[in-house]
Amino acid sequence: PRVIATKITENLNVADFCEPPSIAGPGFINFKLKSDYLEQQLTEMHGSDRLGIATANPPKQVIVDYPSPNIAKEMHVGHLRPAVIGECFARVLEFLGHDVLKLSHVGDWGTPFGMLIAYLQEAYPDPKDAAEASMSGNLATFYRQAKKRFDADETFKENARQAVVKLQAGDKEVLEAWERVCQLSKRSYRKIYDLLNIAEDIVDRGESFYNPFLPAIVEDLDKAGLLVEDDGAKCVFLEGFNNKDDDPLPMIVHKPNGGYNYATTDLAAIRYRINEDKAERIVYTTDAGQSNHFAQFFQVARRAGWVPETVELSYAPFGLVLGENGKRLKSRSGEAVPLQALLDEAIARTRLDIEARLEKEERTESDDFIQTAAEKVGIGAVKYADLSQNRVSDYTFSFDRMLDLKGNTAPYMLYAYVRVQGISRSGGIDFSQLDTTVKLTEESEVTLAKYLLQMDVVLDEVSAALLPIRLCQYLFELSQKFNQFYDRCPVLKAEEPARTSRLVLCDLTARTLKLGLSLLGIDVLERM
Ligand code: ARG
C-alpha cells in the first residue's frame, strides 16, 4: 500500500490548495489544506450573499409533493412530519436554484365527502353561514357532528350516499357544497401552515383535479398490454411484490364497482406532472406506511413508459411520531393529538423557559418580546427535533429534550446565533462593513474555517439523498467548532489584524447558521 500511496501522491496535482501530501503508516495519504487557500475561500465567501454557494447547473424543474391532508379532518400530529420535511426539501432545492413547484395532493374526493356535504347542506344551507362556521376554525367539530348524524340517522345516511352519487355525476349544487367543504378545510390548514412557517405558494391540486384523466390511465395501461381483469377489478400485476402464496400481487386501478382509487390518481398525477408541468424530478414524502404504494405505482408508471430516463422520482418516507411511552403519540382520550394543540403547548412551554431564564439573568423584556421569542423558538424546536432525526426511523416526541438549551436542539442553535450577534452589539461592529482579509493563525480558527467551507457539500447531499439530518448535524457541529474557537481566541480584545479576521469568522458562522436554519424552515432571532 505504501508503494501505491507513493505513486498516487506523485501523480496528484493538489498544489493549488494543499501542502505536499504526506504518507503515513501502512499507506495513508494525509492532506493538509493550505492556509492561504482557506483564507482566500473565506474571503470570497464573505463577499457573497449566497455564502459562495453555487446554484445547480443546470437547474431542474422540480415538483415537491407537499403535505396533503385529507379534507375536513383536523390536522393532527401525523401531519407534522410531511409539512416540516416537505418544506425543508422545497427550501433547499429552491436555494440551489431549482425551479420548485409545490403541489398539495390533498385528499379531496371520495365517499367521505357524502357525509360532509349532506351535513353542510343540512346545518348551513346558506353559504354565508358556512363561511362563518369555518371562521371559528372548528373543522374538527364540523367533522364530528357530521359523523354523529351519519351514525345516528338512516335518512341522513341515505342523503350522504346520494350526495356522493350526485357529486360524481357533477351535480351543480352538490359540487358547490363540496367546494365549500374544501375551502373550509384549506383555510383551517393555512392557519397551521402559517404557524409552522410553511410556504405560501403551495398550489392546491387535490386528487379531484385528476378525475378527468382517470379513464385514460386505464385505457393506456390496457394499450400497453399491462391491464388484467381479475375478479371484476382491472389491475396490473406487479413484479417483485408477491402475496403469501408467492403469487404476484395486483395493483388495482379500476374497482369492480367502476370507481378509481388512490393508485389510479397517483398514476394520473405523475403523468400530468411529467407531461404538462415538465417535471424533471418529483419528490414525495409520506409516512413509511405508504412505501409500497409508491414503489408500486412508480413501477407501473415506468413499465407503461410514462417516466422518461431523464426524470428522477424520489420518494422520502418517514417514521412515526411516538409518545414517551414508545407508542404512537396520542392524546389522553386516545386520539391523535391535534397539531394546533401540540404547537400551542410548545409555545407555552418555551415561554415558561424564557421567563425563567430572564429572571435568572435579572433581565426584563416586554411581553411582546417574550411572546415572539416563545413562538419562534417553540415552533423552531418542534421542527428541529423532527428534522434532526434519521428521517426513516420513528422518533420520540419530548418537549423537555427539544427545548433543552444544551443539546442538539433549535434553542441551542438559535442561541449560538444570538451569541455572535451579541459580539457585534457589544463591540459596536457592523459586520457588513468589515474589511475582509482573513488570517488564520490558531488551530481552532483553521478547524472552524474548514467547517464553514463545507456548507455547499452538505446542501448537495441534502438535495440528493433528501436527508435533512445531514444539515442539522452540520449546523450543530459548526456551532460546537465556533464555541471552541470563541473559548480559545479573544475576538474583540485581540490585536489587529487578528481582531477583524476573527470578526469575519464570527460573521460567517452567524450567516451560515442563519442560512442553514432558514433552509430548515426556522427563523433566527437577533436577541433571545
Ligand atoms: N393524502 C395522502 C394522505 O393523507 C397523502 C398524499 C401523498 N401524496 C401522494 N401523491 N400520494 O395519506
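The values are calculated or read from the model by the stated rules, or taken from the named source; none is laboratory data. Every value quoted in this text rests on a predicted model; they were computed, and no experiment measured them. Neighbour counts are summed over all protein chains in view; Cβ atoms, including those assigned to glycine, are modelled from backbone coordinates with ideal geometry.
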Of these, ASP16, ASP36, which one is modelled with pLDDT under 95 and assigned to a loop (DSSP other than H, G, I, E, B)? ASP16
Starting from residues that are hydroxyl-bearing (Ser, Thr, Tyr) and part of a loop (DSSP other than H, G, I, E, B), keep the ones in segment 435-474 and report whichever is farthest from the chain's Cα centre (by Cα). THR441
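To keep it simple, each residue is scored yes or no on (1) crowded, with 16+ Cβ neighbours inside 10 Å; (2) under 29 Å from VAL64 (Cβ atoms); (3) hydrophobic (A, V, I, L, M, F, W, C); (4) modelled with pLDDT of 95 or more.
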| residue | (1), (2), (3), (4) |
| --- | --- |
| ASN325 | no, no, no, no |
| ARG332 | no, no, no, no |
| GLN340 | yes, yes, no, no |
| GLU345 | no, yes, no, yes |
| ALA373 | yes, no, yes, yes |
| LYS376 | yes, yes, no, yes |
| GLY380 | yes, yes, no, yes |
| ASP386 | yes, yes, no, yes |
| TYR395 | yes, yes, no, no |
Got at least one residue in segment 325-339 being within 14 Å of the ligand (Cβ to nearest atom) and assigned to a helix (DSSP H, G or I)? yes
VAL100 vs. criteria over 30 Å from VAL446 (Cβ atoms) and in a helix (DSSP H, G or I): no
Among the residues of segment 305-313, is any in contact with a Ser or Thr (Cβ under 8 Å, 6 or more places away or on another chain), within 13 Å of the ligand (Cβ to nearest atom), under 30 Å from GLU229 (Cα atoms) and outside any helix (DSSP H, G or I)? no
Give segment 38-78 a look and list any residue that's closer than 25 Å to PHE294 by Cβ, within 16 Å of the ligand (Cβ to nearest atom) and charged (D, E, K, R), or say none. ASP65, LYS73
Matching residues, segment 174-214, being in a helix (DSSP H, G or I) and touching a strand residue (DSSP E or B) at 6+ places or on another chain (Cβ under 7 Å): LYS186, GLU207
Inspect segment 22-30 for any residue being loosely packed, with under 14 Cβ neighbours inside 10 Å, farther than 30 Å from THR285 by Cα and either of a type in the set (Phe, Trp, Tyr) or within 16 Å of the ligand (Cβ to nearest atom) (or both) and give the result as yes or no. yes
Name every residue in segment 420-463 that is within 30 Å of LEU387 (Cα to Cα), at pLDDT below 95 and β-branched (Val, Ile, Thr), in order of residue number. VAL420, ILE423
Look through segment 271-299, keep the residues that are part of a strand (DSSP E or B) and in contact with a Lys or Arg (Cβ under 9 Å, 6 or more places away or on another chain), and return whichever of them is farthest from the ligand (Cβ to nearest atom). ARG281
Please specify each residue of segment 50-69 satisfying the condition of being out of contact with any Ser or Thr (no Cβ under 9 Å at 6 or more places or on another chain), surrounded by fewer than 21 Cβ atoms within 10 Å (Cβ to Cβ) and not charged (D, E, K, R). GLY52, ILE53, ALA54, THR55, ASN57, PRO58, PRO59, GLN61
Test result for ARG91, away from the ligand (no atom under 15 Å from the Cβ), of a type in the set (Lys, Arg) and more than 37 Å from the chain's Cα centre (by Cα): no
Sort through GLY97, GLY114, GLY110 and tell me the only one that's surrounded by 14 or more Cβ atoms within 10 Å (Cβ to Cβ), in contact with a Lys or Arg (Cβ under 8 Å, 6 or more places away or on another chain) and farther than 26 Å from ALA341 by Cα. GLY114
May I ask you to verify whether CYS506 is within 19 Å of THR437 (Cα to Cα) and either in contact (Cβ under 8 Å) with a residue 40 or more places away in the chain or part of a helix (DSSP H, G or I) (or both)? yes
Which condition number does ALA356 fail, the rest of (1) over 17 Å from the mean Cα position of the chain (by Cα); (2) loosely packed, with under 15 Cβ neighbours inside 10 Å; (3) touching a residue at least 40 places away in the same chain (Cβ under 8 Å); (4) more than 30 Å from PRO248 (Cβ to Cβ) being met? (3)
Does any residue of segment 164-173 turn out to be closer than 30 Å to ASP386 by Cα and either in contact with a Pro (Cβ under 7 Å, 6 or more places away or on another chain) or in a helix (DSSP H, G or I) (or both)? no
Please state which one of LEU492, LEU513 is outside any loop (DSSP other than H, G, I, E, B) and within 20 Å of LEU42 (Cβ to Cβ). LEU513
Name the residues in segment 231-270 that are within 16 Å of the ligand (Cβ to nearest atom) and either farther than 25 Å from SER104 by Cβ or assigned to a strand (DSSP E or B) (or both), would you? MET251, ILE252, VAL253
Of all residues in segment 103-122 being of a type in the set (Ser, Thr, Tyr) and either outside any loop (DSSP other than H, G, I, E, B) or under 16 Å from the mean Cα position of the chain (by Cα) (or both), which is farthest from the ligand (Cβ to nearest atom)? TYR119
